[in-house]
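Novice: Let me give you the structure first, and then I'll get to my questions.
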Amino acid sequence: MITEDNVGAVFTALADPTRRRVVELLREGPLRASDLAVASDTHRALMSKHLRVLRTVGLVEVETPEHDTRERVYRLRHDQFVTLQAWLDQVQAFWSEQLGRFKAHAERPRKRHQ
């Protein structure tokens, strides 16, 4: 679950281009780890490590289909991205307010000293 305590870990996870590619691929729908490895031109063992990082920070989840317990299917956790967006919205609102105050201060008529 994304919280203020682990938002840094989420951004660290997303700093890696391969993990960002995984998120982009999973936006289209659930995929197997092997499909993600091929689509991102990554070895399967390395893809496993990337997926573990994304699972640890809560951005993806894994399912095991009933028909093949060896297979793993990954999907994005939409709720976590909603939480991340809410955090970003708070940061943006803070800076928008600060910039608005600065603008008002900068545009305020100055008193002339005599």
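Readers should treat all values here as calculations from the given coordinates under stated rules, not as data from a laboratory. Bear in mind that the values here come from a model prediction, so they are computed numbers and not experimental data. FYI the Cβ positions are ideal-geometry reconstructions off the backbone, even for glycines, and counts take in every protein chain you see.
Novice: Tilt of helix 17-27 relative to the longest C-alpha principal axis of the chain, in degrees (0 to 90, nearest 10)?
Specialist: 80 degrees
Novice: Compute the FRET efficiency between ARG101 and THR12 as 1/(1 + (r/R0)^6), taking r as their Cβ-Cβ distance and R0 = 41 Å, and round to the nearest 0.05.
Specialist: 0.85
Novice: If we count every other residue with Cβ under 14 angstrom of GLU24's Cβ, Lys/Arg +1 and Asp/Glu -1, where does the sum land?
Specialist: +1
Novice: What 222 nm value per residue comes from the helices of the chain, counting each DSSP H run with n ≥ 4 as -39,500 (n - 2.57) and dividing by all residues, nearest 500 deg cm²/dmol?
Specialist: One gets -19500 deg cm²/dmol as the mean residue ellipticity at 222 nm.
Novice: Where Rh denotes the Kirkwood radius from the mean inverse Cα pair distance, what is Rg over Rh for the stretch 1-54?
Specialist: Ratio value, two decimals: 0.99.
Novice: In addition: About the Cα centre of the stretch 7-107, what is the dipole size in debye to 20, counting +1 per Lys and Arg Cβ and -1 per Asp and Glu Cβ, all else neutral?
Specialist: 320 debye
Novice: Also, quick follow-up: How far is helix 44-56 tilted off the main Cα axis of the chain, in degrees rounded to 10, range 0 to 90?
Specialist: Around 50 degrees separate the two axes.
Novice: For the stretch 7-107, what is Rg from Cα atoms divided by 2.2 N^0.38 Å, rounded to two decimals?
Specialist: 1.42
Novice: OK, next. Using 7 Å Cα-to-Cβ label points, what is the ALA86/THR69 separation (nm, one decimal)?
Specialist: Distance between label points: 3.7 nm.
Novice: Which angle from 0 to 90°, rounded to the nearest 10, does the C-alpha axis of helix 78-107 make with the longest principal axis of the chain?
Specialist: 20 degrees
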